[in-house]
């Protein structure tokens with residue numbers, strides 16, 4: 001069955017009429033059941049946020065331009081034989097690549113229909129110029145989506161579009177920053193991909209390798225990762241793997257290479273499925289069995305790498321990646337984590353990031 005790539009705005013309230021959604025409180029019987037629809041089945045859902053992680057130079061932006069080109073031309077996706085129902089528009093926000101010498105040539109090399117691509121380089125002078133920082137300018141992005149009706153929005157990289165008031169390492173702050181973009185995606189049905197760089201911190205769990213707080217990947221419904229293929233002797237093969245999916249089973253990983261196109265820019269050449277997982281890409285030792293304690297210690301060390309956190313936040317972040325409370329507390333003892341009372345709450349920290357623990361036996 002062919003799938004429509006055009007987002008729906010049917011969930012928006014009619015003028016002067018309050019819907020259950022617009023009131024914010026409703027009886028579930030008022031909401032009909034629906035199925036998740038996919039821009040790229042298993043990887044990028046419509047109406048949701050997706051995060052794409054990876055180190056610089058591996059082709060994250062080029063991958064998204066390849067996908068955008070396929071959507072504008074109505075061509076099949078790399079591992080999906082069914083083409084989209086109809087060609088669609090895309091909206092690109094790029095803080096690092098110039099439209100004239102990078103974005104357009106790459107799209108042309110990928111055989112895009114150029115007049116279906118919109119690029120927001122900066123805000124109009126009437127609203128202050130500069131980048132449309134989140135969450136403040138989400139309503140402005142919503143106006144663009146309502147006007148041009150793209151099915152796909154790429155924000156590249158996310159860090160450049162977070163307002164100065166947002167601490168990217170604050171779990172609460174980044175979740176609040178993404179509430180409005182998530183609602184925009186849900187209201188319009190558009191698929192939004194946020195591109196993010198990896199950190200240098202070591203972790204066996206790919207969910208903790210992305211820059212900033214775990215709240216970023218926590219707010220997304222799907223997570224993707226690009227990384228070099230460790231088994232490729234030429235060091236030119238890349239892997240696109242899934243790190244999380246709240247909406248479907250994880251799809252298989254895909255291999256690709258970046259090759260030179262006739263116009264001199266790089267383009268994506270897909271090479272089919274790969275058996276490599278996101279875990280094996282971020283940690284070559286992941287192919288060897290790890291003890292539960294080793295994994296728990298790695299997760300807890302990563303959570304606390306940026307400094308002390310309330311115990312409730314640590315426990316929630318650990319639970320989000322499947323680490324149980326018992327394993328978490330064993331890791332706490334193994335790492336000599338220092339609990340201390342701050343006001344009414346307990347705070348956890350690694351031994352070298354806090355003052356000596358107080359009343360630790362009561363935590």
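The values are calculated or read from the model by the stated rules, or taken from the named source; none is laboratory data. All figures in this text were calculated on a predicted structure; none of them were measured in a lab. Using ideal geometry, Cβ is built from the backbone for each residue, glycine included, and neighbour counts are taken over all protein chains shown.
So if I check each of 123, 58, 93, which one is without any contact (Cβ under 8 Å) to a residue 40 or more places away in the chain and either under 23 Å from residue 168 (Cβ atoms) or in a loop (DSSP other than H, G, I, E, B) (or both)? Sole residue among the options that is without any contact (Cβ under 8 Å) to a residue 40 or more places away in the chain and either under 23 Å from residue 168 (Cβ atoms) or in a loop (DSSP other than H, G, I, E, B) (or both): 123. Screening 223, 218 for residues that are in contact with a helix residue (DSSP H, G or I) (Cβ under 9 Å, 6 or more places away or on another chain), within 15 Å of residue 49 (Cβ to Cβ) and surrounded by fewer than 22 Cβ atoms within 10 Å (Cβ to Cβ) leaves exactly one candidate, 218.
Kindly indicate whether residue 157 is crowded, with 18+ Cβ neighbours inside 10 Å, in contact with a helix residue (DSSP H, G or I) (Cβ under 6 Å, 6 or more places away or on another chain) and within 21 Å of residue 225 (Cβ to Cβ). Don't jump to the end; show me each part of the working.
Values: crowded, with 18+ Cβ neighbours inside 10 Å: yes; in contact with a helix residue (DSSP H, G or I) (Cβ under 6 Å, 6 or more places away or on another chain): no; within 21 Å of residue 225 (Cβ to Cβ): yes.
For residue 157, the condition - crowded, with 18+ Cβ neighbours inside 10 Å, in contact with a helix residue (DSSP H, G or I) (Cβ under 6 Å, 6 or more places away or on another chain) and within 21 Å of residue 225 (Cβ to Cβ) - is not met.
When 170, 222, 245, 203 are checked against the criterion of being modelled with pLDDT under 95 and touching a strand residue (DSSP E or B) at 6+ places or on another chain (Cβ under 8 Å), 245 stands alone in meeting it. Determine whether residue 263 is within 21 Å of residue 219 (Cα to Cα) and touching a residue at least 12 places away in the same chain (Cβ under 8 Å). No; evaluated as a whole, the condition is false for this residue. Of the residues in segment 58-69, none is in contact with a strand residue (DSSP E or B) (Cβ under 7 Å, 6 or more places away or on another chain), farther than 30 Å from residue 237 by Cα and in the same structural domain as residue 180 (by TED's automatic domain parsing). Being assigned to a strand (DSSP E or B) and surrounded by 14 or more Cβ atoms within 10 Å (Cβ to Cβ) is the filter here; which residues of segment 258-272 pass it? Hits for segment 258-272 are 258, 266, 267, 268, 270, 271.
Scan 180, 176 and give me the residue that is surrounded by fewer than 17 Cβ atoms within 10 Å (Cβ to Cβ) and at negative phi. Step through it out loud before you land on a result.
Details: 180 fails: surrounded by fewer than 17 Cβ atoms within 10 Å (Cβ to Cβ).
When all the criteria are applied, what remains is 176.
When you look at residue 107, is it assigned by TED's automatic domain parsing to the domain that holds residue 65 and buried (at least 19 other Cβ atoms within 10 Å of the Cβ), yes or no? When the stated conditions are applied, residue 107 passes them.
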